[in-house]
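Rule-based calculations on the coordinates, nothing more; no lab input. Small disclaimer: the values here were computed from a predicted structure and weren't measured. Cβ placement follows ideal geometry from the backbone for every residue including glycine, while neighbour counts extend to all protein chains displayed.
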Amino acid sequence: GENVEQHPSTLSVQEGDSAVIKCTYSDSASNYFPWYKQELGKRPQLIIDIRSNVGEKKDQRIAVTLNKTAKHFSLHITETQPEDSAVYFCAAGEPRNSGYSTLTFGKGTMLLVS
Amino acid sequence: SAVISQKPSRDICQRGTSLTIQCQVDSQVTMMFWYRQQPGQSLTLIATANQGSEATYESGFVIDKFPISRPNLTFSTLTVSNMSPEDSSIYLCSVDAGLFDETQYFGPGTRLLVL
């Protein structure tokens, strides 16, 4: 099955700096890569995703890049703000029969913006 | 995106008992998923629930321990059976955004403590 590695496990940045979180995956059949933000005691919230036919996607201060050859993808947050402090999870989506995909999550990165 | 609710939001249970968690969506969805998030850990998929068929369980999870129902396109239940303290976790349901859309949205979760 799929295995997703995520680094770093914690990341501390100063407000206004950029933050980068990196993930690798093992299954070349995976074709969907979402990023979730989870604040303490809250549900995971989808913040951005990318599909395997795209190399980069941006949404305001957030961007995701994908390198299918190397099987790695990254989350970039620019101009970080204190409200960006949370745990971020990457995931890889594997297509299954019947037209759905299952997600395998990385272990998460705790981002602290001070 | 769909509005997803779960009941109960939290519970404290005695070992050996069972708890059924409900997941309700405000619109029809194709697939519903059940995850476990142990304290301070990542999310692990337990099973996928499709209406009209048996749930598909991931490696390490069995139907006897985590029976799942999916009676219609807006509702699913997960039962945690014969609980032990190791079952203390947050249990989350998620739904997909549509057939052939991999996007998943999560419910608020059920915090379970087993004593």
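Quick look at the values:
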| quantity | calculated |
| --- | --- |
| Two-site label geometry, B:Gln41 and B:Asp26: point separation in nm, points 7 Å out along Cα→Cβ | 3.3 |
| Across chain B: Cys residues that no other cysteine approaches within a C-beta distance under 4.7 Å | B:Cys13 |
| Förster radius 22 Å - calculated FRET efficiency between A:Thr78 and A:Met110, Cβ distance, rounded to 0.05 | 0.70 |
| Estimated dipole of chain A in Debye, rounded to 20 [Cβ of Lys and Arg +1, of Asp and Glu -1, Cα centre] | 320 |
| Charge context of B:Phe100, other residues only, Cβ under 15 angstrom, K/R +1, D/E -1 | -3 |
| Local net charge near A:Gln81, Cβ-Cβ under 12 Å (Lys/Arg +1, Asp/Glu -1) | -4 |
| Virtual spin-label span in nm between A:Lys58 and A:Val20, 7 Å along Cα→Cβ | 1.6 |
| Using distinct alpha-carbon pairs, which all enter the 1/r mean, Kirkwood radius of chain B in Å | 14.0 |
| Test item: Cα-centred dipole of chain B, Lys/Arg +1 and Asp/Glu -1 on Cβ, debye | 380 |
| Residues in the stretch B:64-107 reached by a label modelled at A:Asn97 [backbone nitrogen below 13 Å; 7 Å Cα→Cβ] | none |
| Dipole of the stretch A:68-114 [Lys/Arg +1, Asp/Glu -1 at C-beta], most positive-end residue of A:Thr109, A:Thr69, A:Ala86 | A:Thr69 |
| Segments A:37-44, B:15-22, A:83-90 sorted - mean Cβ within 10 Å per residue, highest first | A:83-90, A:37-44, B:15-22 |
| Distance between the stretch A:85-114 and the stretch B:40-115 - C-alpha centres, whole angstrom | 16 |
